Each structure stands twice: as C-alpha cells, then as structure tokens.
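Participant: Below is a structure I'd like to ask you about.
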Amino acid sequence: MPRACASSFWNARPNSTTSRDGILAKGLDAVTRLTYHEDMLVEGTIRWQVTEDCPWDLLLALALRDLAGLADECSPEIPLGVPGIGRIDTAGIDRAQLAAQWRGWWAGIVPLETRPFITEVSPPHFATFDRALDLQEAMYRGYDRAIEWARQRRFEYLSAVEKREHPLADVYGLVQRRQFELRRQSTSFRLDLAILPVAEKGAWVEAPDTIVVSESLRDDADQFREWLLPLVIALV
C-alpha cells in the first residue's frame, strides 16, 4: 500500500469547508461560550463527511468522572484525562447511582446528533440533572474545577488546530487518494472525531459514528494517518 498523503496533491483542498477563528490571537478569554459547532472542523462532500471537535460536554464529563474517581466504572476504556484534575469529596453520594447517571449522560452526549448545540450543564442549578440527583450533587461539588480544566484543555486544542496549515487536510488527502485507487467516488459515510486530552495515545469507538481520539494521537501527524488509513479503506 503506498504511503498515504505522500504528495501535497492529496492534501490540496481548493474550497475547504473547515474554518478557524484565530483563537491564538484572541487568547484564553475567547474560550468562554460553551457552544458546539462554532469551531468544529468539517470536511467532506455530499457523499461523505468527517467532523472533528473537542466538545465541551465530553471534556466536562471526563473531568467529572476523574474528579469523582469513577474511571474504573464509567467508560473505563477511556484513559484518565491529562493533566490530572485531582478528586472531590463524594461522601454522601450514592456511588452506584452516580456511575449509572454518568453513563446515561455520556451516552447522550457522545453522538453528534444527540449532543446539545449549547451545553446544558450550567450553574447555578444544573437543571439538566434534575432527574439525576447524585450526578447533580457531584457537579455542584466539582463544577469550578471541571469547567476551568475543560476551558484550558479546549484552548490548547484550538491552539493546536490553529497551527495546522490546513485543519483537516490529512483526512481529505486520505479519502481523495482512496477514491483515486478505486477509480470511483466514495460510498456514503460519516465519521465524527472527538479529540480528548487523555493519558494514553489511542482511539476508542464510543458510538456508531463517533470515535474518541487522544490529543496525543491527533497531534502526531504520521501516526494519525496510519491509524486513519484502515478506516478510510473500509469506509470509502
């Protein structure tokens, strides 16, 4: 198999659908509105689409999971977030209920189609958790630390994206090359990449169209293409 993206031809995107807001110029204060899609990267055609983001709610959920010491019970395949966030006091909170409620929250926010456009996790009452009282209590106790951790990590992600010459050129190049090899257009597919700062380099399928990718893997251009290539071969 020829090495993907060996030529700049495969990375050329004359009318890319990706966009950048100049987050480096704005600084950390720009990362304050807890909205999705504004900075989401989107690449594709009418036949296929790949999105990439570092979603607020996934960052918050990861932070709260680690703060509450639930990593062994809640999506244990996803490593701990980095840098470490420490722990909160969970005395008086039903651990089994907390874990079950966290898993329900995670299942709803991982798929892009069910992820809120604007995060629903907001003080002072965290009303979105009115029927998940143990999770709501944990969020009361850990929100300040979780939101600051998430804000810093999202800024770091957006800063890394800003430094790419073309944010999703590697994805576009692999798909273009595969279409060339097959001498046909791609079949229809969608792939949503959620980039998270976790302690191990890797990727984990968390929903039918959604893969959590470690920030360390995404930042390693060669390894990211090596990981993505078999997916592109299967999907295109």
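Throughout, read-outs are computed from the coordinates displayed, never taken from laboratory work. This is a predicted model, so every value here is computed, not measured. For neighbour counting, all protein chains shown are included, and Cβ atoms are generated from backbone atoms with ideal geometry for every residue, glycine included.
Participant: Does Arg164 qualify as being more than 18 Å from the chain's Cα centre (by Cα) and without any contact (Cβ under 8 Å) to a residue 12 or more places away in the chain?
Facilitator: On the way: more than 18 Å from the chain's Cα centre (by Cα): no; without any contact (Cβ under 8 Å) to a residue 12 or more places away in the chain: yes.
For Arg164, the condition - more than 18 Å from the chain's Cα centre (by Cα) and without any contact (Cβ under 8 Å) to a residue 12 or more places away in the chain - is not met.
Participant: I've got another one for you. Only residues that are polar (S, T, N, Q), touching a strand residue (DSSP E or B) at 6+ places or on another chain (Cβ under 7 Å) and either within 23 Å of Ile85 (Cα to Cα) or part of a strand (DSSP E or B) (or both): list them for the range 178-236, please. Spell out the reasoning first.
Facilitator: Applying the first criterion (polar (S, T, N, Q)) to the range 178-236 yields 179, 185-188, 210, 214, 216, 223.
After this cut, where a residue has to be touching a strand residue (DSSP E or B) at 6+ places or on another chain (Cβ under 7 Å) as well, the list is 186, 188, 210, 214.
Once the filter is applied, which keeps residues that are polar (S, T, N, Q), touching a strand residue (DSSP E or B) at 6+ places or on another chain (Cβ under 7 Å) and either within 23 Å of Ile85 (Cα to Cα) or part of a strand (DSSP E or B) (or both), the range 178-236 yields Thr210, Ser214.
Participant: Another question, then. Can Arg153 be described as part of a helix (DSSP H, G or I) and surrounded by fewer than 19 Cβ atoms within 10 Å (Cβ to Cβ)?
Facilitator: Numbers: part of a helix (DSSP H, G or I): yes; surrounded by fewer than 19 Cβ atoms within 10 Å (Cβ to Cβ): no.
The answer is no for Arg153.
Participant: From Thr114, Thr90, grab the single residue that is touching a Gly at 6+ places or on another chain (Cβ under 9 Å) and loosely packed, with under 13 Cβ neighbours inside 10 Å.
Facilitator: Numbers: Thr90 fails: loosely packed, with under 13 Cβ neighbours inside 10 Å.
Only one candidate passes the filter, namely Thr114.
Participant: Quick one: Ala160 ticks every box in (1) more than 24 Å from Gly84 (Cα to Cα); (2) small (Gly, Ala, Ser); (3) touching an Asp or Glu at 6+ places or on another chain (Cβ under 8 Å) bar one, so which box is it?
Facilitator: Result: Ala160 passes all but (1).
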